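**Q** This is the structure I want to talk about, given as structure tokens.
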Ligand code: GAL
């Protein structure tokens, strides 16, 4: 009896060794993300495909809600209850906040084997590391300061695509007079904040944006330039239709696609919607820097962090996921669908459209000129609590609660002190 037991154990060990050494068993990799719109879903499907090609099982943990606020709330409750997913879409300074919990996995082995230090811009590599160790894998670079326009709408209204905020008001008036909606927008705090940061960049320029919204310099936050930014931002409100409350961003994009509205101020994930609808830039739609912002670039880098695992197969799966994310193949196909550009350096751009080529060119140019700045609305610039408090001020102002631009600037300056 004893002998049989030992023999069985011996066989099990041998089998285990064979499988363990040659191929780890398929792991189930649960991935939290908020990519549920048409273009986003197509993009994340590519990641799933690549992970499955490596023999693992993808467990989808999608939490709808643009900008990821809902996803972050759900993630926190899962981690608090001791049940984190294997990987989660977390980006910017939040990676450091999560690093402090001590629950993130060190993925240096994959990063070293795949030479990430030489394949990533140094600034991006730093964001992906906690105390010098890689804990996250970046997928892309989104540009936030875009304007998406429908050329037919502009033609009908006899309007020109605006290059400055002054020109914007002229064009928007014409579009409204023609009986169309000038600005497609969804009344959600993160969308308000997205428009606001483009206005600040356009009114104040990149150096001002950086002082006010990245360095949180009190004098800049209360300055006349910030008051002016709130004035311009408040006027944009008049060009949004009355049904905008709580509209999802991709439904706002659809209004531009369908010719109901003239323009949308949104990051280039919006391009993913145009692409998914079979639309061609330059012909069916126009991509241009938001008014006054062609010398600036608000960046937003999406990434996945890995949570520590006790199971060796799952750890192996995490490494495979991280390696897949940074592969040439994935960076190309994912970003073609997502509207962003590859974060991996030295990638060929020939399959990308003109908007992506422009983004890539401007990314390089602004990284030299100082025009490259992190997006505050998309969690790249300041800690999440600070960004949240500032977003509240911006949204309250935009929703016309009787706050003047001067008062709003002062409130923004106090909110910036939130830690
Ligand atoms: C951003 C994210 C993008 C896109 C967008 C809308 O914060 O970085 O990848 O998904 O939200 O959901």
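**Q** Considering each of 358, 266, 255 in turn, give the residue that is touching a helix residue (DSSP H, G or I) at 6+ places or on another chain (Cβ under 8 Å) and on the phi < 0 side of the Ramachandran plot. If you could, list the steps in order and put the result at the bottom.
**A** Numbers: 358 fails: touching a helix residue (DSSP H, G or I) at 6+ places or on another chain (Cβ under 8 Å); 255 fails: touching a helix residue (DSSP H, G or I) at 6+ places or on another chain (Cβ under 8 Å).
Among 358, 266, 255, only 266 is touching a helix residue (DSSP H, G or I) at 6+ places or on another chain (Cβ under 8 Å) and on the phi < 0 side of the Ramachandran plot.
**Q** Looking at the structure I just gave you, is residue 207 in contact with a helix residue (DSSP H, G or I) (Cβ under 6 Å, 6 or more places away or on another chain) and away from the ligand (no atom under 16 Å from the Cβ)? If you could, list the steps in order and put the result at the bottom.
**A** Working: in contact with a helix residue (DSSP H, G or I) (Cβ under 6 Å, 6 or more places away or on another chain): no; away from the ligand (no atom under 16 Å from the Cβ): yes.
No, not satisfied.
**Q** Now a separate question. Of the residues in the range 341-376, how many are surrounded by fewer than 14 Cβ atoms within 10 Å (Cβ to Cβ) and under 30 Å from residue 409 (Cβ atoms)?
**A** Matching residues across the range 341-376 total 2.
**Q** Any chance the range 75-86 includes a residue that's within 16 Å of the ligand (Cβ to nearest atom) and within 30 Å of residue 247 (Cβ to Cβ)?
**A** Step one: filter the range 75-86 for residues within 16 Å of the ligand (Cβ to nearest atom), giving 75.
Narrowing the set further to residues that are within 30 Å of residue 247 (Cβ to Cβ) leaves 75.
Yes, the range 75-86 contains at least one residue that is within 16 Å of the ligand (Cβ to nearest atom) and within 30 Å of residue 247 (Cβ to Cβ).
**Q** Based on what the data block shows, is residue 179 out of contact with any helix residue (DSSP H, G or I) (no Cβ under 6 Å at 6 or more places or on another chain) and in a helix (DSSP H, G or I)?
**A** Here the answer is no, as residue 179 does not meet what is asked.
**Q** Checking residue 282 against (1) on the phi > 0 side of the Ramachandran plot; (2) within 14 Å of the ligand (Cβ to nearest atom), which test does it fail?
**A** Single failed check for residue 282: (2).
**Q** Just for the range 377-398: of the residues that are in a loop (DSSP other than H, G, I, E, B) and crowded, with 24+ Cβ neighbours inside 10 Å, which one is nearest to the ligand (Cβ to nearest atom)?
**A** 378
**Q** Between 148, 190, which is surrounded by 23 or more Cβ atoms within 10 Å (Cβ to Cβ) and either more than 16 Å from the ligand (Cβ to nearest atom) or within 18 Å of the chain's Cα centre (by Cα) (or both)?
**A** Only one candidate qualifies: 148.
**Q** Does the range 298-326 hold any residues that are within 16 Å of the ligand (Cβ to nearest atom) and within 18 Å of residue 341 (Cα to Cα), and which are they?
**A** Scanning the range 298-326 gives 298, 299, 300, 301, 302, 303, 304, 325.
**Q** How many residues are out of contact with any strand residue (DSSP E or B) (no Cβ under 6 Å at 6 or more places or on another chain), away from the ligand (no atom under 15 Å from the Cβ) and assigned to a loop (DSSP other than H, G, I, E, B) when one looks only at the range 332-370?
**A** 10
**Q** Among the residues of the range 287-296, are any surrounded by fewer than 23 Cβ atoms within 10 Å (Cβ to Cβ), within 22 Å of residue 44 (Cα to Cα) and either at pLDDT 95 or above or more than 16 Å from the ligand (Cβ to nearest atom) (or both)?
**A** No, that holds for no residue.
**Q** Please work out if residue 93 is within 15 Å of the ligand (Cβ to nearest atom), touching a helix residue (DSSP H, G or I) at 6+ places or on another chain (Cβ under 6 Å) and within 25 Å of residue 385 (Cβ to Cβ).
**A** no
**Q** Looking at (1) touching a helix residue (DSSP H, G or I) at 6+ places or on another chain (Cβ under 8 Å); (2) under 20 Å from residue 165 (Cβ atoms), which is the one condition that is false for residue 276?
**A** Residue 276 satisfies every listed condition except (2).
**Q** Is it the case that some residue within the range 126-133 is within 16 Å of the ligand (Cβ to nearest atom) and either farther than 16 Å from residue 373 by Cβ or in contact with a strand residue (DSSP E or B) (Cβ under 6 Å, 6 or more places away or on another chain) (or both)?
**A** Yes, because at least one residue in the range 126-133 is within 16 Å of the ligand (Cβ to nearest atom) and either farther than 16 Å from residue 373 by Cβ or in contact with a strand residue (DSSP E or B) (Cβ under 6 Å, 6 or more places away or on another chain) (or both).
**Q** Condition first: over 18 Å from residue 330 (Cα atoms) and more than 11 Å from the ligand (Cβ to nearest atom). Now tell me which residues in the range 24-59 satisfy that.
**A** Result: 24, 25, 26, 27, 28, 30, 32, 38, 59.
**Q** So residue 407 fits all but one of (1) surrounded by fewer than 17 Cβ atoms within 10 Å (Cβ to Cβ); (2) within 16 Å of the ligand (Cβ to nearest atom); what number is the exception?
**A** (2)
The values are calculated or read from the model by the stated rules, or taken from the named source; none is laboratory data. Remember, predicted model here, so these are calculated numbers, not experimental data. Don't worry about glycine lacking a Cβ; one is built from the backbone with ideal geometry, like all the others, and counts go over all protein chains shown.
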